[in-house]
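Colleague: Dropping the structure in here first, questions after.
The values are calculated or read from the model by the stated rules, or taken from the named source; none is laboratory data. Small disclaimer: the values here were computed from a predicted structure and weren't measured. Here Cβ is always computed from backbone atoms with ideal geometry, including for glycine, and neighbour counts include all displayed protein chains. Note: areas computed on protein heavy atoms with side chains; ligands, DNA, RNA excluded. Shrake-Rupley method; radii C 1.70, N 1.55, O 1.52, S 1.80 Å.
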Amino acid sequence: MDNQEKILEHIKKTPGHTQAQITYRLDIPQSTIKYHLLQLIKENKIFSEKLFKIHYFPVGIEDKLKIKT
């Protein structure tokens, strides 16, 4: 499984994490995480929302599963 697949799977399992949380949990360099997050957004596989910090969610997630501000 390559890094992009790992990141996408992580976001599907734990939606709402920030880039820092994803970096910490997957132990992948921050620059690599940032690159793949941008690619996944371009491919319309995930989206981001600013809730104090930027959080990432899989496309198609139900509103009730998102974190609340």
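Colleague: Using helices alone, I'd like the mean residue ellipticity at 222 nm for the chain: each DSSP H run of four-plus residues gives -39500 (n - 2.57), total over residue count, nearest 500.
Modeller: Value at 222 nm, helices only: -14000 deg cm²/dmol.
Colleague: Continuing with this model, one more query. Taking a probe of 1.4 angstrom, what is the accessible area of HIS10 in Å², to the nearest 10?
Modeller: Accessible area of HIS10: about 30 Å².
Colleague: Taking the chain, which chymotrypsin sites (Phe, Trp or Tyr not before Pro) meet the DSSP loop condition and have no more than 15 other C-beta atoms within 10 Å?
Modeller: The qualifying sites are PHE52.
Colleague: Near GLN19, within a Cβ-to-Cβ distance under 9 Å, what is the net charge of the other residues, with Lys and Arg +1 and Asp and Glu -1?
Modeller: +2
Colleague: What's the long-distance tail for region 1-55, i.e. % of Cα pairs beyond 14 Å?
Modeller: Summing the P(r) tail past 14 Å for region 1-55 gives 47 percent.
Colleague: Could you compute how much accessible surface ILE46 exposes when probed at 1.4 Å, giving the result in Å² to the nearest 10?
Modeller: Approximately 0 Å² for this residue.
Colleague: Around LEU40, with a cut-off of 14 angstrom between Cβ atoms, what is the net charge of the other residues, counting Lys and Arg +1 and Asp and Glu -1?
Modeller: Taking every other residue near LEU40 into account, the sum is +1.
Colleague: At a 1.4 Å probe radius, carbon and sulfur cover how many percent of the accessible area of the chain?
Modeller: 52 percent
Colleague: If you don't mind, another one. With +1 assigned to the C-beta of every Lys and Arg and -1 to the C-beta of every Asp and Glu, and no other charges, what is the dipole magnitude of the chain about the Cα centre in debye, to the nearest 20?
Modeller: I would put it at about 240 debye.
Colleague: Follow-up question, since we're still on this one. What residues have an amide H closer than 5 Å to that of ILE46, excluding those fewer than 5 places away on the same chain, when H is modeled at 1.01 Å from N in the peptide plane?
Modeller: Here ILE41, VAL59 satisfy the definition.
Colleague: How large is the accessible surface of ASP27 in square angstrom, using a 1.4 angstrom probe and rounding to the nearest 10?
Modeller: Result for ASP27: roughly 140 Å² accessible.
Colleague: I've got another one for you. State the extension gain, in nm to one decimal, for the chain segment bounded by GLU62 and MET1, taking 0.36 nm per residue of separation less the distance between their alpha-carbons.
Modeller: 19.3 nm
Colleague: Accessible area per residue, 1.4 Å probe, Å², for the chain: what's the number?
Modeller: Roughly 69 Å² per residue, with all protein chains present.
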